[in-house]
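J.: One structure is given below, represented as structure tokens, and several questions about it will come after.
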Amino acid sequence: MASLNVYSVLVVLFLTCGAAMATKENEQIIKENNCETKMGLPCVLKAFTNIFETGSISNKCCAEVVVLGKVCHSALVKTALENPLFKDLVPATIIAKSIQTWNNYLALIYSPSPCS
């Protein structure tokens, strides 16, 4: 799996260059919903690590993901999968994990325990 540094580079490139590799549909969703500006970089890194590898995420970052919205969450994950860095990953597996993670965030954001 890629290290946190690879995720950092991916996220920084994504945030600074836009969704150049995104499909038109995902690019349009990201642009229309201002997805790139709704989360802080530290939480973006934690969320991506949580989905693409393993890790935990704080309640604060969990809440940022939920505020981001499911549409943005899905579009950003699908866009990341288009990056050559992730060519060895099975998209269906990551998308399934992304959906499961989203559902966990929703369930856990209202509980006293930290998101994971």
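J.: Cβ under 11 Å from VAL65's Cβ, VAL65 left aside: what net charge do those residues give with Lys, Arg +1 and Asp, Glu -1?
T.: Result for the neighbourhood of VAL65: +3.
J.: Once a ≥ b ≥ c are taken as the square roots of the eigenvalues of the Cα gyration tensor of region 28-110, is the result rounded (a/c under 1.5), prolate (a/b larger than b/c) or oblate (a/b not larger than b/c)?
T.: oblate
J.: Find out how many positive minus negative residues lie around ILE99, taking Lys and Arg as positive, Asp and Glu as negative, among other residues whose Cβ is under 14 Å from that of ILE99.
T.: +3
J.: Can you tell me how much longer the chain between GLU36 and LYS70 gets when fully stretched, taken as 0.36 nm per residue apart minus their C-alpha distance, in nm with one decimal?
T.: 10.9 nm
J.: Same structure, new question: Ranking request for peptides 88-101, 71-84, 48-61: highest mean number of other beta-carbon atoms within 10 Å first, then the rest in descending order.
T.: Answer by packing, highest mean first, reads 71-84, 48-61, 88-101.
J.: Using each residue's phi in region 53-61, evaluate 6.51 cos²θ - 1.76 cosθ + 1.60 at θ = phi - 60° and report the 3J(HN,Hα) Karplus result to the nearest Hz, with x for Gly and Pro.
T.: Ordered by residue, 3J(HN,Hα) equals 10, 9, x, 10, 9, 5, 4, 4, 5 Hz.
Bear in mind these aren't lab numbers, they're just calculated from the coordinates by the rules spelled out. Since we're looking at a predicted model, the values are computed, not measured. Every residue, glycine as well, gets a Cβ built from its backbone with ideal geometry; the counts of neighbours run over all protein chains shown.
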